[in-house]
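In what follows, a single structure is set out as structure tokens and then discussed.
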């Protein structure tokens, strides 16, 4: 990873942590400043964990707002709006671990059946979005760590999208993306 990318990652992590602190009443509002990279459109996911367990994950799939604003918005949402978890409390703030993923532009995958879709997936590299009418769901590339088998990965993503696992993929659309991710250093006990 280049020094420039490391600096960007550290800046995004600081923005995310400061946004959560401000939301919880523990600090001033984060400031994006005049870093040109943060003013360009970007799409991020902010993932929060506690004791190695997921505590919140919210993000953007499309580059619809400036990168700095996107990470701030997604950090607050990960801490307060992930429907799988109660909002993060001020008492939990020091124990939460922050990870920021910067997404590439999604690329649609052309496939005729499930076997062809599975052959095109690049485990541990691709994030995947499944679309079916109004339903969609995504898994970041990091999810391959828990679901390394492509059929299991796809089945779990169908479940997440509210689709039956046995549903054929004809009529579905899929897109893949990659991420550049940064995470806070582990705190010493």
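What follows draws every value from the coordinates through simple rules; no lab data is involved. These numbers come from a predicted model, not from an experiment. When we count neighbours, we look across all protein chains shown, and the Cβ atoms used for this are built from the backbone with ideal geometry, even at glycine.
Below, the figures for the structure above:
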read-out: Taking 181, 81, 160 and counting other C-beta atoms within 10 Å, the order from fewest to most; value: 81, 160, 181
read-out: Angstrom value of the Kirkwood radius, inverse mean 1/r, which spans all Cα pairs in the stretch 3-103; value: 13.4 Å
read-out: Relative packing of 123-131, 30-38, which averages over residues the other C-beta atoms within 10 Å, highest first; value: 123-131, 30-38
read-out: Three-way shape label, the stretch 107-177, alpha-carbon gyration tensor, a/c 1.5; value: rounded
read-out: Cα long-axis angle, helix 67-80 against the chain (0 to 90 degrees, to the nearest 10); value: 90 degrees
read-out: Computed E for residue 110/residue 31 - FRET, C-beta separation, R0 41 angstrom, nearest 0.05; value: 0.40
read-out: Principal-axis tilt of helix 3-23 within the chain, Cα atoms, nearest 10 degrees; value: 70 degrees
